[in-house]
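See structure below.
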């Protein structure tokens, strides 16, 4: 049986998500990326330049998260939780 529609354009073994499944996967991915940023700061200094071009050299994850301009709603919740 020949695939049709979007199935014919994608590679074999692909994963097509839509609606709620896609939103959950994107939320998890955004949170993983935020945690990867802070994970590398443990024991190591990071250089952060904010939107005002002010330079911070710190290994404090809270400072790094506060200076990030997070746009994703799920990642914003993690930032708000870290501030609390």
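Filter segment 49-60 down to residues that are touching a helix residue (DSSP H, G or I) at 6+ places or on another chain (Cβ under 9 Å) and at pLDDT 80 or above and give me whichever is farthest from residue 31 (Cα to Cα).
The extreme case among them is 54.
Checking the condition at pLDDT 85 or above and either at negative phi or assigned to a strand (DSSP E or B) (or both), which residue from 11, 32 passes?
32
Anything in segment 35-52 that is outside any strand (DSSP E or B), over 17 Å from the mean Cα position of the chain (by Cα) and surrounded by 12 or more Cβ atoms within 10 Å (Cβ to Cβ)? List them, or say none.
50
Restricting attention to segment 68-79, which residues are out of contact with any helix residue (DSSP H, G or I) (no Cβ under 8 Å at 6 or more places or on another chain), under 19 Å from residue 48 (Cα atoms) and in a helix (DSSP H, G or I)?
76
Pick out the one residue from 55, 68 that is at negative phi, in contact with a strand residue (DSSP E or B) (Cβ under 9 Å, 6 or more places away or on another chain) and surrounded by fewer than 14 Cβ atoms within 10 Å (Cβ to Cβ).
Only one candidate passes the filter, namely 55.
The values are calculated or read from the model by the stated rules, or taken from the named source; none is laboratory data. Please read these numbers as outputs of a predicted model, since none were measured by experiment. Ideal geometry is used to build each Cβ from the backbone, glycine not excepted, and the neighbour counts take in all protein chains shown.
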